[in-house]
1. Filter the strands (runs of 3 or more DSSP E) completely within the stretch 21-95 down to those with at least 1 residues that are within 28 Å of the chain's Cα centre (by Cα) and surrounded by fewer than 23 Cβ atoms within 10 Å (Cβ to Cβ).
2. Taking the conditions exactly as written (charged (D, E, K, R), closer than 30 Å to F519 by Cα, over 27 Å from the mean Cα position of the chain (by Cα) and assigned to a helix (DSSP H, G or I)), does D392 satisfy them or not?
3. Restricting to the stretch 478-498, and then to whatever is among the hydrophobic types (A, V, I, L, M, F, W, C) and touching a helix residue (DSSP H, G or I) at 6+ places or on another chain (Cβ under 6 Å), can you tell me which residue is farthest from A511 (Cα to Cα)?
4. Being out of contact with any helix residue (DSSP H, G or I) (no Cβ under 6 Å at 6 or more places or on another chain) and not assigned by TED's automatic domain parsing to the domain that holds R213 narrows it down to one residue among A7, A48, A62, A93; which is it?
5. Would a scan of the stretch 103-119 turn up a residue that is of a type in the set (S, T, Y) and assigned to a loop (DSSP other than H, G, I, E, B)?
6. Does the stretch 172-179 contain at least one residue that is at pLDDT 90 or above and not hydroxyl-bearing (S, T, Y)?
7. Among the numbered conditions (1) modelled with pLDDT of 95 or more; (2) not in a strand (DSSP E or B), tell me where R286 comes up short.
8. When you scan the stretch 217-246, how many residues do you find that are buried (at least 21 other Cβ atoms within 10 Å of the Cβ) and either in contact with a Cys (Cβ under 6 Å, 6 or more places away or on another chain) or touching a residue at least 60 places away in the same chain (Cβ under 8 Å) (or both)?
Amino acid sequence: MKLVLAALHIEPSPRAVPLGPAMLASALRLALPEIETRLLDLFLGQSAAECADRILASDPDAVGLSVYVWNRPLFLEIAAILKARRPSLVIFAGGAEATADLAGVAAEPSIDFVLPGEGELIIQEAMGRLLAGERITDSLRPVPVDDLGALPSPYLDGTMDLGNYTGALWELSRGCPFKCDFCFESRGTAGIRRIPMARVEAELAIFAESGIREVFVLDPTFNFHKDEAKAILRLIAERAPHIHFFFEIRSEFIDREMAELFAGIRCTLQIGLQSAHLDVLKRIGRSFDPGDFEAKLLLLHQAGVPYGFDLIYGLPGDSLDGFCASLDFAMSLVPNHLDVFRLSVLPGTRLAETATGLGLSYEAQNPYQVLSSPGFPAEDLARAGQIALGCDAFYNQGRAVPWFSLVQEALETSASELFEAFATFIEGRNGEDLTLLQRDFVIACFGERGDELMGSVAADLVSYFGFAGELMESAEASEYLVSFHHHPQELLGQLQGGPPSLEELVFCLQAHPCQARLFVQDGEVDLEVLEG
């Protein structure tokens with residue numbers, strides 16, 4: 001029997017790794033080696049017909065689809081094409097969306113059955129029945145894996161060839177100790193089950209030898225078990241110091257030793273703040289101590305660990321003003337990035353069960369976004385969306401971390417107001433260079449205040465860090481010719497030892513219109529000022 005297990009990713013990236021399907025393939029390889037299983041990577045940018053052609057090219061007898069919120073519509077379109085072309089083909093679905101909305105996915109005429117929950121044991125049952133000639137018409141019951149150590153690793157048994165990828169997904173545990181109403185992660189499972197440390201060490205050795213650059217740890221709270229987390233961080237520092245790791249953590253479990261261990265490796269941390277208001281968080285099963293949060297973040301900041309936050313707008317009990325206050329609080333803690341999302345009322349979550357009582361109106365189909373609530377009408381949600389767009393463009397994509405606070409303080413405005421103004425400024429200007437848009441924006445902002453000198457210094461900061469960042473990330477550009485209002489080397493010299501205020505920079509710098517050539521040398525951005 002030939003089986004195709006298909007993963008449908010958002011886009012090609014180091015995160016586009018089919019770990020879920022690979023885990024199923026490893027389980028089948030162990031229990032039913034007579035099944036010929038192929039992993040297939042598909043992407044949202046491909047048409048349904050193209051994806052169907054790629055699946056059928058393997059001449060499979062059965063196809064498994066790993067369904068998530070973002071890929072459900074396209075996967076179902078693909079399944080319909082497959083059934084139309086080959087009615088005898090067995091098509092089944094698994095994954096988070098198929099588990100959360102089991103009835104909805106199972107009702108699709110092109111889906112023969114659904115494998116909900118953890119898939120390793122349940123797929124062995126399903127494929128064994130198909131091998132025996134049985135026709136499966138009903139979805140199987142979930143079968144949790146009690147002992148994760150009994151599962152084979154697709155990284156260790158040869159199922160996954162990391163030579164085909166630039167990154168890896170790494171599962172260290174399953175389950176979540178928290179009960180956030182908007183999340184499906186902890187429903188249906190009790191407690192946390194961990195991957196044995198021997199397997200962790202072996203997989204880390206594979207990562208270190210493979211040449212991959214990034215590893216994304218899937219645990220929703222990596223540092224919940226502090227001792228185990230610290231042991232893994234020490235292993236990474238010893239055996240994979242060249243790889244960049246991404247972790248999701250909770251602030252309350254950070255201590256000074258952990259902060260220093262994070263600082264000892266290449267990593268980025270993501271922290272789910274969601275809101276800075278305790279009354280809002282209580283409504284969704286979360287807690288918050290702002291004093292403790294700031295103290296724990298200070299440990300990371302002092303250690304030099306990059307971290308970012310998640311925020312959600314549209315939460316029950318929140319408002320536009322409340323969301324803006326949360327965003328401004330988050331920005332006051334100087335994150336390396338800030339990811340802002342509209343609330344989605346996902347199938348299978350407690351929030352979906354309580355939404356009516358909370359007065360939430362939301363989309364019935366993917367992406368299930370909230371449309372209005374008693375404190376957050378549709379027009380305010382639209383404004384919050386503009387602020388989120390401005391934040392992503394101006395701060396995240398715009399590489400504004402080194403200079404944002406200088407500009408914000410000089411303009412005497414809040415971060416949320418600045419982001420909303422930038423979103424308005426860039427409307428209809430798609431395709432223009434983002435650094436140039438930021439530069440023009442800050443010049444315009446200071447010009448409205450009559451502070452042209454501050455605007456020129458701010459523009460030079462934007463230009464240097466923006467184009468330097470583009471150079472470091474670009475696979476094509478080797479240098480940029482950049483215009484400055486002041487001598488860029490003198491400007492950078494003033495930033496050594498901690499940035500002064502923008503006003504102090506104005507007094508320290510003399511006007512010196514020039515151009516400079518920015519280029520990469522020995523892995524760092526260098527510059528050459530071109531006089532005249």
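1. Working: elements: 36-43, 62-66, 90-94.
Ranges flagged: 36-43.
2. Working: charged (D, E, K, R): yes; closer than 30 Å to F519 by Cα: yes; over 27 Å from the mean Cα position of the chain (by Cα): no; assigned to a helix (DSSP H, G or I): yes.
Criteria not met by D392.
3. To start, the set of residues in the stretch 478-498 that are among the hydrophobic types (A, V, I, L, M, F, W, C) comprises 481-482, 484, 491-492, 495.
From what's left, touching a helix residue (DSSP H, G or I) at 6+ places or on another chain (Cβ under 6 Å): 482, 484, 491.
Working: V482: 16, F484: 9, L491: 11 Å.
Going through the qualifying residues, I end up with V482.
4. Numbers: A7 fails: out of contact with any helix residue (DSSP H, G or I) (no Cβ under 6 Å at 6 or more places or on another chain); A48 fails: out of contact with any helix residue (DSSP H, G or I) (no Cβ under 6 Å at 6 or more places or on another chain); A93 fails: out of contact with any helix residue (DSSP H, G or I) (no Cβ under 6 Å at 6 or more places or on another chain).
Step by step, each of A7, A48, A62, A93 is checked, and only A62 is out of contact with any helix residue (DSSP H, G or I) (no Cβ under 6 Å at 6 or more places or on another chain) and not assigned by TED's automatic domain parsing to the domain that holds R213.
5. Taking the stretch 103-119 and keeping what is of a type in the set (S, T, Y), we get 110.
The next check asks that each one be assigned to a loop (DSSP other than H, G, I, E, B); those that pass are 110.
Yes.
6. Restricting attention to the stretch 172-179, the residues satisfying the condition of being at pLDDT 90 or above are 172-173.
Filter once more, keeping what is not hydroxyl-bearing (S, T, Y): 172.
Yes, the stretch 172-179 contains a residue that is at pLDDT 90 or above and not hydroxyl-bearing (S, T, Y).
7. The failed condition is (1).
8. Residues in the stretch 217-246 being buried (at least 21 other Cβ atoms within 10 Å of the Cβ) and either in contact with a Cys (Cβ under 6 Å, 6 or more places away or on another chain) or touching a residue at least 60 places away in the same chain (Cβ under 8 Å) (or both): 3 in total.
The values are calculated or read from the model by the stated rules, or taken from the named source; none is laboratory data. Computed from a prediction, not measured in an experiment: that's the story for all the values here. Cβ coordinates were reconstructed from backbone atoms using ideal geometry, including for glycine residues, and neighbour counts include every protein chain displayed.
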